[in-house]
Amino acid sequence: MDSFLEQQQRQEEAVTGRSRSGRGAAAGSALQPPLPSLEPLPLQPASSHEHKLNFRKSKEACLSYIQDAMLQKQWKRAAEFLTFYVESLEKDYSREHVGPSEIIWRIGTEVFCHHSHKSMKEFSCFMEQMKTLGVKRYLKVCLEHVFHLLCNGQIDEAYQNLSLAESWRYGEQTAIQDREMKLVQAYRGLLDYYSWSKQKNILLEHGVDGFADLSVEQEMHSCFRKAAMNLKEIIKIPGVWDLFVKCYVDMLEFYGDPNEARQVLNEYAYNSRFPANPNAHVYLYQFLKRQGESKKSLISALKILHDIVPSHELMIEFNTMLQKSKKRKKRRLGLEVIFAALDYAGWKENVKAWSCLARQVKQIVISEKHLDWIKQEWNSRKDWWPAFHFSRYLAKRNWQENKSLSYEKALVAGILLGKDCKYFKYVSHQGCKAQVKRFRMLKKFVNRHNPVYLRISGLSDSSVQP
Amino acid sequence: MEFPTTLFSSYFGVGPPREEYGSGPAAGWGEHGQVLEDDRGPGRRQKQPVFVPRRGGTDEIWDPAEAAAVPLLPPSAGCWIPSPAPQDILNRNNLYGKFRAGRSEATLDFAKQLGHFFVDHPEDAFGSMGQLLHKNFYLGNSKLKSSARSSTIRMTTLMEDIDRLEARRGCHRQHLASRLRWFSHLCRDWLFEVPLGLLADCLHEELMLEWSNLLFDDSLTGGALAWLPPEDTQSCTGCLVHPGGQAMNHLFFQDVVLEELPRAQGSPAQFELSGRIRQVSAARVDGKDFVGVRSDYHCGVWRVPGRTQTAPTPLQVIRTDVPASCLTVSPHLPGELAVCTHSGTIYLWSIETGLQQLRSDPQTMFFRDHSPWRWSDFTAHPRVLSCADRTGLQCLDARAPRKCHFDLFKVGEEAGCQQGERVVLPMYLGRAHPSQYLVTTQFSVYVLDERLPLVPMLKWSHMMKAPPVFAHLMPGDPGRSHKVVLGASHTQELLLMQYWGKRWSLEGAAGLGLLCTHVPGSSVPISQPSYCWDQLLHWHWVLTGQFLGCVSSGGSQSACQLAGTPQKLHSIAGCLQHLPTQLPHRHHLLQQRLGAPAAGLAATLQTDGTRNSMLVFQLSEAGDVFCQRLIHEAVCPPAPTSKDEAITAPGSSPLFEAPASSPLGLASEEEEEGEEQTFYLPNLEVIINDDEEKYASTPAPLEEAELPQESCAGSQPTPAVPSPAAALRYRRWLRALSRGCRELPQHTWTPSLSQRRLFTRKELEEPTGPSALQRQVRQWLRQVMQEGGRIQHWKPLAFQPPALPQPLEPSGGQDPLSTRLTAAWSGDWEQWWEDRTSFGMAQRQRALRERRRRQKRARGRRSLSASFTSSLTYQSELSELSDSGPSLLSPGGPPLPSQKGSSPARSPPGGSRAASPATDEALLSSQSLRNRGIPKERRKTLRDYLSVWAEGPPDTPDLPASQASCIPSSQSQLSSASQTRRKRPRMGF
């Protein structure tokens, strides 16, 4: 710390030599010095004597210099300050919750990640030291180290580290440590899964040739056992475990255990202690589809997804499925689903969705049956859909950017809002001008079915026959 | 609008936050959080899996182009009145303690504030009693006549006691003021107009309010600055909407041209509102910008047509009974806004259909919190609004607000919050992703997805010193990260963070076309957009070595990732060190002005040709708008090509470039530039006491032409000195600031002092033989006192050589400066000085003799103060009236008259404090005033009176040299500046 103080003092002198206010003036010479000039500190720079008396204060000052350097991405400077800050470990009598050891770990990791002369070996060395610094933090540091290795593609090293961490024992575990331990095991399971999948691929490739390597197969099974055991544990705890669930189900499916897989997915999707994760429903739906389940069960799975996320991209698939159904109720649901999806800003320019809606609306209009479905759906939207979807501005823009989108939208607009609606008028006019046959047909169709608009919007109570 | 196929793992708990402490000051560093397998690379399944971290992935590198933020607009006219600072409200002793011990309970300086109230509003405090009693209280000095003594008491001693009490603040022996104690005991019950207890209660309440506002002012949430981008991306003229004026009640729509340094174009459209503008929010719907403006009791909405040069139209105003706390504009439907008030009511405000109340609940949602702050914003569904209080966020369906709602965010275990964490600012991130939301708390930043409520997609400890109350989103094009700038108010912090998350609509050729232009680091032209995906994927893979989550070929979307590390941006206060050096008191004022809390934040991305830059605007409570530019590094190659050179060359600085389009503008600009220099030099020269700094800064315009390369190089990480163009901006801004502030004290602050009590007629009578100068001075003094004017602004009138003693020019004809310089040049400078001083000695002795004689003649008590040595110390206390400045006495200083106006005078420290011959007449003239039997206590009054003028307005340095001087010395300006500083502690101001 003392050396830091001296350094700081020297620097302050250099700074004050230039500007009397004592603020860190960025002198021209300070472009690439070992210690570039400093930003002003929140606390006024006191005399160094006072700093020496107050160890804590200088610690804080040093930390704030480090922070400052890091926030300006001056990693080299931060690293230099950090070497001073390490001294704070020597007299660490603080009873603060976050001790300097944790700060050193966090800052050191960050600096190592960004420093220009980084090497994985040094980083690992640093991490090993950090692990020994705090017992309570051991597992967390291990996990972070593993993440770093994984992101740098060192999967084997990561696996070793995970195994080591798993075997670590120290007194009673706190709740947080328990959770971290579970994560360590789960990630080890994940890596086991990857090696399982690798061997599976080898077997599948060579198995065709009749070349069955027993040892590879055995190894694969042992990987499966290890992976399954660990993955099974973590997905019982409420949380978001998309990665683990997918792997586990994949393995179960491979070994022909669909019941267990179904149970896992059901649990993941429908257990109320878990968050309402749309992916859980998606996985279940995809699983059911793979298993060749009946339409009914597929629809019921998607219905639940529709209830929690009406804007999910699977809704198009859901709508197509429902539209094909013979049951009136389901077709009705299909219309609801597509209307609901198009309520969302993210679907505004989705051609597929608009063509689904256009197709269904067209069907209804032609068949003259169930106009009341449209009417009901339209009732809650007629005050804002025109401004949201069918404004003149959008007509222009859609026409410029995507003709097929504007075609579908114009059809819907023409039916819902009549032939005088701005969107339809603009698009059909442009389409006719451009001599596109499709748009001429569209105009004819809408003109023919214009009375429908009156019925939908409730302008005429008596049903008008065409 | 796909949902990410795999999310990062996390535990999910329910209940109140369990974590007692955060992870301390470095909590945001060094964590990857979780990793996720990135399984979308083609054919990578066979090899080993590739992982991406949740935090700390690759980011875009943005380098600041300037050393500090640069003023964008000239400072608003009129002085800014700073809002109260902690030292105004807190007890002084306590303040010390607070800074020493870290955190101790704050004590409000209640007594001082009450005292201020009595002084500022005497009519309200003592009106009736004062009228009743004023005949019975005598404030004069002389003794009471015996006839009056029965019904009148003399208050003078009491007043003196009060004065002394003030001087003795902090002294332990306070019991000495028994007389005061006795008086207050006697009249506490009946003297006050408002019962003291009641008044104290009200005052205390107000103080508490002020203090809590000082700790955290939530009325600023959202920020009062908005940027309306140009409609077509090619154009570079946008519109900045900001408040201004002294009370921040004027709304300005200012067109801004984005160039190397953005500049204002034309005069702004201006609207005067009836309250301080707290928030300005804007959204673009159907090509038109809708701007919502919130003040405490009024909310208004303007429409700005997409094209520039068309005036904004005010559409509607609503008034609220309780202060409004939020106003957001719908990004989906034109003319829809969300309004919240402190009563806990949330309205959907439509221009066409009026207000619809969605919820009214004074209680907070998830647990009890005392704050009445509410916020509301829009979501992906145009009929669903979010509503927030300090405890979390809920989403309501406007069609059935009671029935349909769900919890989006809870301060609790669900999001892994810490105890004491509170929502500070929620923001809809619709422009980046239609279902994402940003929530900031005092500790962390969360990115939420409304499709998976309660579980944050991203969480990060921002480590800011003050809670971020402003945020601005800059959506990245596909393949680019989204950028969010967070801003705090009191500390002016600005933090840039980036995150990955695919932008939504990626269909059709338009999306692909966009994509092609933004492949980072690629210089390969892409001819066919249809190949783009594959190429892009490949490049990303090759160039970054790490697959960036946002780009995907399968149409699925990766989970949100925080990209890289956050970056600190320049704050307004940071430019102080780059401004020309100021006199200390002006430096202090400037520091105060630049350090004013931030009031708003806006930012925009700009692409011109190959360059990507980011412009960040920051508004301060004083109404100043500063901006800074950041340059995307990938675009600037390390070795500047000829094109880059052209861009960064000095000619392209706004100063030179703007005229290129209009030759007329060139002339005027340059003229102004020339004018500035000539104007600037003399007026600063006279005043600034350390000229090294000044010389270092003033020749910048010259350098601008000569040394462009080194200062303009944009590829440096952080330039250490501002570019010449920026330096010019600083000086212009500074000049406009001092010009704007000068007028204020004159017409708003005219102190009135009773002249009657200062001098009696007898005292002001002509003495026996006053010199011409004395007579003149007296006449001025009298005249000014009659007019209630000020001494400092006196013109030197006829004060020219006749008033000055001639002997100063001994070598006949040649002026002393040249004599001295000649002497110094030839080396016998010391000899010259010797001559000079010996000559001065003679002169001084004569003056001394003369004064002694006069003293003997004068009536009344006389002290040694008139003698030479003591007169000097006394002189330092006296104002400029008698002051000829110690600078004259310095050995290096040339005699007075030669210095006038032209050369910068410096006052070297130390030196023999002998009066120079030149000053004798002046000294005598003032001393004669004093020696003419003005009693001692009056002398203090006089001193006070004069020192009021000596304090002067802060802008005195800017007076032209001809006006700057005041009697009797032509350059007392300088000495007044140095003297005021020395004197200040004694004046009690």
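The values are calculated or read from the model by the stated rules, or taken from the named source; none is laboratory data. Nothing here was measured: the structure is a model prediction, and the numbers come from that model. Cβ: placed from backbone, ideal geometry, glycine included. Neighbour counts: every protein chain shown.
Among the conditions (1) within 12 Å of another protein chain (Cβ to nearest Cβ); (2) out of contact with any Lys or Arg (no Cβ under 8 Å at 6 or more places or on another chain); (3) polar (S, T, N, Q), A:T174 misses just one, which is (2). When the test is whether a residue is facing chain B (nearest Cβ under 10 Å) and of a type outside the set (A, V, I, L, M), A:W399 does not pass it. Filtered by the rule that a residue be closer than 19 Å to B:W375 by Cα, of a type outside the set (A, V, I, L, M) and under 29 Å from the mean Cα position of the chain (by Cα), segment B:291-320 gives B:G292, B:R294, B:S295, B:D296, B:Y297, B:H298, B:C299, B:G300.
Residues that are within 11 Å of another protein chain (Cβ to nearest Cβ) and within 14 Å of B:M365 (Cβ to Cβ) within segment B:395-436 comprise B:F406, B:D407, B:E414, listed in sequence order. Of the residues making up segment B:479-499, those that are buried (at least 23 other Cβ atoms within 10 Å of the Cβ) and charged (D, E, K, R) number 2. The number of residues in segment B:559-599 that are within 12 Å of chain A (Cβ to nearest Cβ), under 21 Å from B:Y499 (Cα atoms) and in contact with a Gly (Cβ under 6 Å, 6 or more places away or on another chain) comes to 1.
Could you please find all residues in segment B:270-304 being within 14 Å of chain A (Cβ to nearest Cβ) and among the aromatic types (F, W, Y)? Steps first, answer last, please.
So in segment B:270-304, the residues within 14 Å of chain A (Cβ to nearest Cβ) come out as B:283-290, B:303.
Result: B:F290, single match.
Cβ-Cβ distances below 7 Å connect the following pairs, each with a first residue in segment B:437-455 that is within 14 Å of another protein chain (Cβ to nearest Cβ), a second residue that is among the basic types (K, R), and a separation of six or more residues or different chains: B:L454/B:K410. No other residue among A:Q173, A:Q154 is more than 19 Å from B:H32 (Cβ to Cβ), of a type in the set (S, T, N, Q) and surrounded by 13 or more Cβ atoms within 10 Å (Cβ to Cβ) apart from A:Q173.
Applying the criterion of being closer than 24 Å to B:C627 by Cβ and in contact with a helix residue (DSSP H, G or I) (Cβ under 7 Å, 6 or more places away or on another chain) to the residues of segment B:456-490, the residue that is farthest from the other protein chains (Cβ to nearest Cβ) is B:V469. Residues in segment A:365-403 that are among the charged types (D, E, K, R), over 32 Å from the mean Cα position of the chain (by Cα) and more than 19 Å from A:S428 (Cα to Cα): how many? Going through segment A:365-403 one residue at a time, the tally reaches 7. For segment B:258-287, a residue qualifies if it is modelled with pLDDT of 90 or more, more than 27 Å from B:P597 (Cβ to Cβ) and buried (at least 18 other Cβ atoms within 10 Å of the Cβ), and exactly one does: B:V285.
Is there a residue in segment A:97-114 that is part of a loop (DSSP other than H, G, I, E, B), under 30 Å from the mean Cα position of the chain (by Cα) and at pLDDT 85 or above?
No, segment A:97-114 contains no residue that is part of a loop (DSSP other than H, G, I, E, B), under 30 Å from the mean Cα position of the chain (by Cα) and at pLDDT 85 or above.
The strands (runs of 3 or more DSSP E) falling completely within segment B:357-446 include none with 1 or more residues that are surrounded by fewer than 22 Cβ atoms within 10 Å (Cβ to Cβ) and among the basic types (K, R). Within segment A:359-383, the residues that satisfy the criterion of being more than 30 Å from B:T353 (Cα to Cα) and either within 14 Å of another protein chain (Cβ to nearest Cβ) or among the aliphatic types (A, V, I, L, M) (or both) are A:I364, A:V365, A:I366.
The single condition among (1) part of a helix (DSSP H, G or I); (2) within 11 Å of chain B (Cβ to nearest Cβ) that A:E80 does not satisfy is (2).
Considering only residues that are surrounded by fewer than 19 Cβ atoms within 10 Å (Cβ to Cβ) and more than 12 Å from chain B (Cβ to nearest Cβ), which ones fall in segment A:334-354? Listed by number, the list holds a single entry, A:E336.
Among the residues in segment B:39-54, are any closer than 23 Å to A:I104 by Cβ, at the interface with chain A (Cβ under 8 Å from one of its Cβ atoms) and at pLDDT 80 or above? Working first, answer last.
Going through segment B:39-54, the residues closer than 23 Å to A:I104 by Cβ turn out to be B:53-54.
If we keep only those that are at the interface with chain A (Cβ under 8 Å from one of its Cβ atoms) too, we end up with B:53.
In the following step, the residues that additionally are at pLDDT 80 or above were identified as B:53.
There is at least one residue in segment B:39-54 that is closer than 23 Å to A:I104 by Cβ, at the interface with chain A (Cβ under 8 Å from one of its Cβ atoms) and at pLDDT 80 or above.
Mind checking which residues of segment B:280-331 are in a strand (DSSP E or B) and polar (S, T, N, Q)? Reasoning before the result, please.
To start, the set of residues in segment B:280-331 that are in a strand (DSSP E or B) comprises B:280-285, B:288-295, B:298-304, B:313-319, B:324-329.
Selection gives B:S281, B:S295, B:T313, B:Q316, B:S325, B:T328.
Of the residues screened, A:V184 is one that is within 18 Å of B:Q34 (Cα to Cα), β-branched (V, I, T), away from every other protein chain (no Cβ under 11 Å) and in contact with a helix residue (DSSP H, G or I) (Cβ under 8 Å, 6 or more places away or on another chain). For A:P310, the criteria (1) within 22 Å of A:Q363 (Cα to Cα); (2) at pLDDT 90 or above; (3) surrounded by fewer than 21 Cβ atoms within 10 Å (Cβ to Cβ) hold in every case but one, which is (1).
For the condition among the acidic types (D, E), free of Cβ contacts under 8 Å to residues at least 60 places away in the same chain, within 14 Å of chain B (Cβ to nearest Cβ) and assigned to a loop (DSSP other than H, G, I, E, B), what is the one hit in A:E205, A:E233, A:E313, A:E293?
A:E313
Does at least one position in segment B:462-476 carry a residue that is surrounded by fewer than 21 Cβ atoms within 10 Å (Cβ to Cβ) and of a type in the set (F, W, Y)? Within segment B:462-476 (the criterion being surrounded by fewer than 21 Cβ atoms within 10 Å (Cβ to Cβ) and of a type in the set (F, W, Y)), the answer is no, since none of the residues qualifies. Kindly check whether there is at least one residue in segment A:449-464 that is within 14 Å of another protein chain (Cβ to nearest Cβ) and crowded, with 22+ Cβ neighbours inside 10 Å. Looking through segment A:449-464, none of the residues is within 14 Å of another protein chain (Cβ to nearest Cβ) and crowded, with 22+ Cβ neighbours inside 10 Å.
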